Amino acid sequence: MERQQSERGETGNALVAVLVGTMVVSGLLYSSLITTTADLRTSVQSLDEVRTASLAQAGVERAINNMRNAARLFNTVNPLSGVEALFASGPYVPFVGTPLVVDGRVYGEITVSVTAVARGTEGLDLTIDSTGYFPTAPVNTPAGAAPSRRKSVRVSAYVGLERSRVFDSAYFLNNWGWFYANNLYCNGNARSNGQFDCANYRPIISGQPSYDNLTIIGATATLSGYQDDNGDGLQDGLDGGIFSGWDINATQVVGNGSLAKNQHEFQEAVEMPNLSNLSTYEAKAIAAGAGSCVKIGATTLFTGVYGDDGGERQNLLLIGTALNPIEITGTVVVRGNVIIAGVIKGQGAIYAGRNVYVPNNLTYQNPPTTSRPANNTQAATEAWLGANATKDFVALLARENVVLGNHTNGTWRSYVNSWLSHAMNKSEEDAGEDLIPNTAGGKDGQFGTEDDDVLEDDNVFTVARYTATDAALGLIPPGLTVGSVIPGSGEDIDGDGVYDNTLTLANLDLDTTINNGNYGGTVSGSTPYGTISSNTISRLDGVFYTNHAFAWYTNPSTAIHCNGAIVSRNESIIYGGPSLNMNYDCRLLGGGTGALSDLLPRTLGPFAVQTWMNLDWDPNNAISN
Ligand SMILES: [Ca+2]
Ligand SMILES: [Ca+2]
Ligand SMILES: [Ca+2]
Ligand SMILES: [Ca+2]
């Protein structure tokens with residue numbers, strides 16, 4: 001984001017210098033399979049026992065890899081259903097006497113069988129039985145040959161959906177995080193999967209410690225699993241800061257986020273959840289019955305989904321007042337645009353099928369007593385949580401963009417457009433293998449070296465397609481077929497299965513005029529956007545998510561307060577006035593265990609191995625014979 005009065009263009013070269021000067025090798029680039037491969041190589045001359053044990057271990061890893069790939073094929077629907085599909089007709093048996101080949105060399109054979117038991121509706125407990133055979137599994141051993149050697153392991157693991165970690169920051173930007181302002185206060189973490197760039201500006205980034213768990217019973221909140229992410233051995237409330245999947249350019253930053261130990265470069269990407277297909281959210285909204293609804297004052301406007309019943313328009317205009325606030329309860333889906341401003345209340349989330357528009361101030365009727373705890377210590381945070389757990393909390397999530405202020409105004413359009421089209425702020429789906437723009441030269445910044453992202457800017461939309469094998473395993477979601485683009489694969493960053501060019505103002509504009517024919521809610525007759533909007537927004541309560549751009553121009557005479565979190569793929573925020581204050585809502589702490597996490601998008605968590613047992617018998621004996 002940029003402060004309007006600042007000079008532009010002066011800092012572009014500084015960040016290039018940083019890119020060139022930094023070279024870090026991430027261990028995360030290496031698949032865990034390589035470890036096992038190394039084990040296999042060293043065991044060639046050693047005991048067959050070691051070899052068969054390594055084979056069994058490789059079988060576990062390959063089975064998990066298969067399940068992870070199955071989840072990806074259902075990426076935009078519900079990744080867990082991709083794993084579940086493998087168990088549609090009983091145990092999943094990915095390998096039966098399958099040769100384990102590394103670099104063209106056969107090391108032995110494996111048989112793996114996996115059983116799954118549902119844990120709730122959002123997870124699976126897995127039991128993976130893997131056997132390594134040398135030289136061959138019984139099924140492939142010629143009659144009369146000496147019996148094979150074998151080793152078996154039984155591994156229990158869990159995989160499930162969890163609240164996406166993009167909501168751990170006050171400001172999360174997928175492509176390019178930029179703070180080009182001096183009077184910018186980020187009271188929480190700032191994170192980007194691409195570069196994080198403050199150029200030579202002096203924003204104040206205070207950071208926010210993260211916790212594994214949050215439980216709230218009555219007015220008592222308990223945080224646990226404090227993450228000492230600055231690694232100083234202290235749990236003193238001074239953790240958090242700036243996190244980036246690429247380099248961090250923030251030499252002049254002020255506050256806790258200015259410390260080297262609180263700046264984390266080249267971190268593993270935090271995958272953005274994908275909202276290109278809202279069917280999962282619609283099902284959830286409908287299942288909740290009256291527990292998912294939007295009211296205007298005392299009147300229920302709809303329950304579950306808006307736009308699926310006859311008589312409902314596709315779009316909603318929701319302007320709340322103190323007397324008749326917009327009340328949101330639970331998860332609801334609106335199939336078209338949502339225009340929302342004024343006074344809101346309740347605890348809920350609106351998922352919009354197109355854009356979310358916030359034309360004017362958006363204010364909780366019953367906000368937390370203060371926007372942030374008295375300080376960042378665990379005790380102060382728990383006290384704040386206990387006092388504010390039941391206060392208003394609303395998330396607004398757009399399949400497309402979040403557009404704030406009067407986007408029909410010439411000044412708005414000029415500022416936002418200049419940054420939408422800026423070379424650092426790329427949004428075209430030609431971002432290459434890492435899905436991050438401006439990384440074509442790799443970490444060494446030199447073109448023509450081994451770490452280049454050669455698929456970036458090659459004018460080819462590189463994606464994967466469903467195969468006949470996927471079909472045979474039941475791994476093609478409804479509505480798609482063999483040959484269809486796998487939504488969200490390769491360079492299809494937004495998961496709609498088609499190539500998307502650079503975002504333009506046209507993507508941010510309304511697609512229909514506001515009137516009673518096109519809109520439901522508080523609409524009364526034809527409503528020009530300028531009559532309900534303002535370019536002096538100074539208060540924004542809520543958690544925002546967009547798969548595309550967060551676009552905002554505002555120039556009020558008072559300080560701007562954003563209370564919640566902003567999660568976006570790209571942003572064009574241009575502001576004026578005394579200051580912009582982003583206040584992370586601590587009710588988002590605790591990841592999937594957070595009190596309100598159920599309202600937010602889910603992504604698949606890691607396959608967590610819980611126990612690993614060597615067996616002195618072969619659980620796969622029957623299927624390997
Ligand atoms: Ca610490
Ligand atoms: Ca490409
Ligand atoms: Ca790239
Ligand atoms: Ca796309």
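The values are calculated or read from the model by the stated rules, or taken from the named source; none is laboratory data. On a predicted model such as this, the values are computed, not experimentally measured, just so you know. We place every Cβ from the backbone using ideal geometry, glycine too, and count neighbours over all the protein chains shown. Please note that ligands, DNA and RNA were not included when accessible areas were found on the heavy atoms of the full protein model with its side chains. Shrake-Rupley method; radii C 1.70, N 1.55, O 1.52, S 1.80 Å.
Assorted remarks:
- Applying the condition of being free of Cβ contacts under 8 Å to residues at least 24 places away in the same chain and more than 16 Å from ligand 2 (Cβ to nearest atom) to the stretch 438-453 and asking which residue is surrounded by the most Cβ atoms within 10 Å (Cβ to Cβ) yields 451.
- Condition met for residue 583 (surrounded by fewer than 20 Cβ atoms within 10 Å (Cβ to Cβ) and either within 17 Å of the chain's Cα centre (by Cα) or not β-branched (Val, Ile, Thr) (or both)): no
- Inside the stretch 257-313, residues that are closer than 30 Å to residue 203 by Cα, assigned to a helix (DSSP H, G or I) and open to solvent by 30 Å² or more (accessible area, probe 1.4 Å) make up a count of 3.
- Considering the stretch 504-534, and only residues there that are touching a helix residue (DSSP H, G or I) at 6+ places or on another chain (Cβ under 8 Å) and open to solvent by less than 20 Å² (accessible area, probe 1.4 Å), the residue that is farthest from residue 296 (Cα to Cα) turns out to be 508.
- In a residue-by-residue description of the stretch 190-210, the property of being open to solvent by 60 Å² or more (accessible area, probe 1.4 Å), at negative phi, in contact with a strand residue (DSSP E or B) (Cβ under 8 Å, 6 or more places away or on another chain) and not charged (D, E, K, R) applies to no position.
- Among (1) farther than 21 Å from residue 592 by Cα; (2) of a type in the set (Lys, Arg); (3) not in a loop (DSSP other than H, G, I, E, B), the one test that residue 191 misses: (1)
- Looking only at the stretch 179-233, and only at residues there that are under 19 Å from residue 252 (Cβ atoms) and hydroxyl-bearing (Ser, Thr, Tyr), the one that is nearest to ligand 4 (Cβ to nearest atom): 192
- Annotation: of all residues in the stretch 207-248 being acidic (Asp, Glu) and assigned to a loop (DSSP other than H, G, I, E, B), the one that is farthest from residue 197 (Cα to Cα) is 236.
- So residue 456, is it surrounded by fewer than 21 Cβ atoms within 10 Å (Cβ to Cβ), among the acidic types (Asp, Glu), within 21 Å of residue 495 (Cβ to Cβ) and within 10 Å of ligand 2 (Cβ to nearest atom): no
- Flag for residue 361 being at pLDDT 95 or above and either surrounded by fewer than 20 Cβ atoms within 10 Å (Cβ to Cβ) or touching a Leu at 6+ places or on another chain (Cβ under 9 Å) (or both): yes
- Every test in (1) among the hydroxyl-bearing types (Ser, Thr, Tyr); (2) within 22 Å of the chain's Cα centre (by Cα); (3) more than 16 Å from ligand 3 (Cβ to nearest atom) is passed by residue 244 save one, and that test is (3).
- Failed criterion for residue 411 (all others in (1) polar (S, T, N, Q); (2) in a helix (DSSP H, G or I); (3) crowded, with 17+ Cβ neighbours inside 10 Å hold): (3)
- Yes/no for residue 277 being touching a helix residue (DSSP H, G or I) at 6+ places or on another chain (Cβ under 8 Å) and not hydroxyl-bearing (Ser, Thr, Tyr): no
- Residues of the stretch 112-137 that are of a type in the set (D, E, K, R), touching a residue at least 40 places away in the same chain (Cβ under 8 Å) and closer than 28 Å to residue 287 by Cα: 119, 122.
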